[in-house]
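Asks: Shown below is the structure under consideration.
The values are calculated or read from the model by the stated rules, or taken from the named source; none is laboratory data. No experiment lies behind these values; they were computed from the predicted model shown. When we count neighbours, we look across all protein chains shown, and the Cβ atoms used for this are built from the backbone with ideal geometry, even at glycine.
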Amino acid sequence: MTPAVPVGALELAAAVRAGEVSATDAVEVALGAIEAHDGELHCFNTVTAEAARARARAVDERRRAGEPLGPLAGVPVALKDNLCTRGVETTCSSRILAGWRPPYDATVVEKVLAAGAVPVGKTNLDEFAMGSSTENSATGPTRNPWDRSRVPGGSSGGSAAAVAAGLVPLALGSDTGGSIRQPAALCGVVGIKPTYGLVSRYGLIAFASSLDQVGPFAATVADAAALLEAIAGHDPRDSTSLERPAPSLVGRLGEGVGGLRVGVVADFLADASPTCAAAVGAGAEALAAAGARVEEVAIPELLDGLAAYYLLAPAEASSNLARYDGVRYGLRVDAEEVAAMNARTRAAGFGAEVKRRIMLGTYVLSAGYYDAYYAQAQRVRTRIIQAFARAYAEVDVLLAPTTPSVAFELGAKLDDPLEMYLSDLFTIPTNLAGHPAVSVPFALGEEGLPVGLQVLAPALGEAAMCRTAAVLEEAAAPGARGPVGATREGAR
Ligand code: GLN
């Protein structure tokens with residue numbers, strides 16, 4: 001017997017606090033949906049059913065004892081498998097970390113627990129978060145719940161698909177160049193990449209440390225904003241953490257966009273598919289109708305972001321991934337000597353894309369090439385930051401497509417890394433600048449698949465960004481957003 005459990009996170013938490021629904025029932029619904037549908041979708045690497053049940057019972061105990069419950073009381077949440085969870089396998093979907101159980105929780109995991117949410121498992125990703133389709137995973141690809149012959153995007157594809165399929169109301173991902181926003185767009189859910197430093201990276205397994213940021217997925221802007229409020233705030237264990245409290249977002253979503261200055265990034269439209277470009281025009285009209293002052297802006301520098309990113313991110317990755325040496329973590333392939341053991345372990349443990357990034361990164365950092373590649377890319381990064389600053393002198397937020405296309409077929413870009421990299425053309429500049437951005441489902445595009453719109457803001461501009469996204473959400477085409485239900489008609 002399935003109890004009636006609200007689908008939305010905030011609604012569910014309110015029902016749990018009011019005693020209308022138990023956390024235990026909410027968790028059983030999530031576990032049941034995972035059991036029924038994850039065999040085919042493969043959103044999860046690990047399901048922590050017993051820990052989730054125990055955690056839910058503890059929430060229900062607290063309620064019975066009259067103790068205060070958190071803002072996300074009893075809400076099932078999925079965690080990207082690059083977030084450390086104490087005693088629970090954390091693999092980054094890599095063979096090299098298979099079987100590794102961290103001795104500690106990431107700060108964001110501690111924070112979701114403190115908010116009363118109930119982690120139900122670890123979600124699939126492109127190995128070490130390198131990719132845009134969740135196909136670069138040692139555990140196999142995740143499928144898009146809207147069309148199972150297609151990718152969910154990546155690298156946080158498991159988290160995006162789990163929310164889109166209605167398996168969980170909330171999920172956490174990480175975004176280094178688009179890995180929250182791109183899969184959110186391809187799966188018809190909301191995904192937020194917060195300002196660099198707003199959310200702690202302690203316990204997020206590093207890919208490119210100057211770009212990485214943890215953020216939320218949810219079906220609605222309000223639910224995503226609530227999860228962001230729960231995970232944000234200063235953490236002394238992350239030296240890049242900002243010394244400021246979590247922002248108040250949910251309470252101000254209804255304030256609208258009257259008088260807000262919105263710039264439409266004209267430079268991206270030529271590289272977007274017809275429906276992705278058309279959605280930007282329709283979004284701009286919706287914002288204007290709601291009282292925003294909308295204008296086109298030209299920021300051609302943003303198109304150089306992709307090239308700079310594919311020097312900087314591999315450079316940082318080559319350094320960060322040096323620690324997987326067969327001694328300290330996970331896999332070890334034995335040999336007569338240490339150096340041979342290191343080499344064999346890395347050869348067997350890393351997949352092809354990760355090896356490509358390590359080689360690229362090592363090359364661009366090597367003596368004689370450093371200035372031509374790494375230093376040059378840093379200069380481009382500075383130009384992009386300056387270009388954004390010029391734009392934000394004129395407008396409060398920017399509107400852009402999230403992705404160049406709707407979800408593509410499994411396998412379509414696997415043999416062509418450059419094509420895969422182009423998936424993040426519109427999302428990468430945000431990471432280079434350390435700014436926040438959100439993807440919100442807005443339209444149905446080619447093949448009836450979801451199209452996301454991206455709202456970008458200057459550092460710490462989350463409040464205006466979320467209000468803008470809330471207006472777009474109201475104006476979205478019917479049926480443009482998840483959950484689609486894993487049994488959606490016509491799903492292949
Ligand atoms: N797709 C991009 C990459 O492969 C971004 C990944 C991410 O944001 N983690 O590097």
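Asks: Return yes when A389 is surrounded by fewer than 24 Cβ atoms within 10 Å (Cβ to Cβ) and out of contact with any helix residue (DSSP H, G or I) (no Cβ under 8 Å at 6 or more places or on another chain) and no when it is not. Can you show your working first?
Replies: Numbers: surrounded by fewer than 24 Cβ atoms within 10 Å (Cβ to Cβ): yes; out of contact with any helix residue (DSSP H, G or I) (no Cβ under 8 Å at 6 or more places or on another chain): yes.
For A389, the condition - surrounded by fewer than 24 Cβ atoms within 10 Å (Cβ to Cβ) and out of contact with any helix residue (DSSP H, G or I) (no Cβ under 8 Å at 6 or more places or on another chain) - is met.
Asks: Looking at A339, A322, A298, A270 in this structure, which one is small (G, A, S) and in contact (Cβ under 8 Å) with a residue 24 or more places away in the chain?
Replies: The conditions single out A298.
Asks: Right, here's the next one. Being touching a strand residue (DSSP E or B) at 6+ places or on another chain (Cβ under 9 Å), surrounded by fewer than 19 Cβ atoms within 10 Å (Cβ to Cβ) and assigned to a loop (DSSP other than H, G, I, E, B) is the filter here, so list the residues in the stretch 248-274 that pass it.
Replies: The answer is G259, S273.
Asks: Filtering the stretch 443-481 down to residues that are in a helix (DSSP H, G or I) and of a type outside the set (A, V, I, L, M, F, W, C), which residue is surrounded by the most Cβ atoms within 10 Å (Cβ to Cβ)?
Replies: T468
Asks: Only one of these is in contact (Cβ under 8 Å) with a residue 12 or more places away in the chain, over 28 Å from H234 (Cβ atoms) and crowded, with 24+ Cβ neighbours inside 10 Å: G191, G154, G178, G173. Name it.
Replies: Going through G191, G154, G178, G173 in turn, just one is in contact (Cβ under 8 Å) with a residue 12 or more places away in the chain, over 28 Å from H234 (Cβ atoms) and crowded, with 24+ Cβ neighbours inside 10 Å: G154.
Asks: Could I ask something else about it? Does G361 satisfy being touching a residue at least 40 places away in the same chain (Cβ under 8 Å), of a type outside the set (K, R) and surrounded by 20 or more Cβ atoms within 10 Å (Cβ to Cβ)? If you could, list the steps in order and put the result at the bottom.
Replies: Working: touching a residue at least 40 places away in the same chain (Cβ under 8 Å): yes; of a type outside the set (K, R): yes; surrounded by 20 or more Cβ atoms within 10 Å (Cβ to Cβ): yes.
Criteria met by G361.
Asks: Would you point out which residue out of A78, A26, A33, A115 is touching a residue at least 12 places away in the same chain (Cβ under 8 Å), closer than 30 Å to D147 by Cα, surrounded by fewer than 23 Cβ atoms within 10 Å (Cβ to Cβ) and of a type outside the set (D, E, K, R)?
Replies: None of the other options fit; the residue is A33.
Asks: Here's another thing I want to ask about it. Condition check: buried (at least 16 other Cβ atoms within 10 Å of the Cβ) and away from the ligand (no atom under 16 Å from the Cβ). Does L331 satisfy that?
Replies: yes
Rundown of residues vs (1) closer than 26 Å to P450 by Cβ; (2) over 15 Å from the mean Cα position of the chain (by Cα), yes/no style:
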residue: V77; (1), (2): yes, no
residue: K80; (1), (2): yes, no
residue: R86; (1), (2): no, yes
residue: E89; (1), (2): no, yes
residue: G121; (1), (2): yes, yes
residue: P152; (1), (2): yes, no
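Asks: Still on this structure, please answer the following. Search the stretch 1-13 for residues being surrounded by 17 or more Cβ atoms within 10 Å (Cβ to Cβ) and of a type in the set (A, V, I, L, M), and hand back the single one that is nearest to the chain's Cα centre (by Cα).
Replies: A9
Asks: Among R244, R237, which is more than 14 Å from the chain's Cα centre (by Cα), away from the ligand (no atom under 16 Å from the Cβ) and either surrounded by 22 or more Cβ atoms within 10 Å (Cβ to Cβ) or modelled with pLDDT under 95 (or both)?
Replies: Just a single option satisfies the conditions, and that option is R244.
Asks: Sticking with this one: Kindly state which helices (runs of 4 or more DSSP H) lie completely within the stretch 131-233 and contain at least 2 residues that are closer than 19 Å to L432 by Cβ and within 12 Å of the ligand (Cβ to nearest atom).
Replies: Because the criterion is at least 2 residues that are closer than 19 Å to L432 by Cβ and within 12 Å of the ligand (Cβ to nearest atom), the helices (runs of 4 or more DSSP H) in the stretch 131-233 that meet it are 181-187.
Asks: Assuming V440 fulfils every condition listed in (1) in a loop (DSSP other than H, G, I, E, B); (2) hydrophobic (A, V, I, L, M, F, W, C); (3) away from the ligand (no atom under 14 Å from the Cβ) apart from one, which condition is it?
Replies: For V440, the exception is condition (1).
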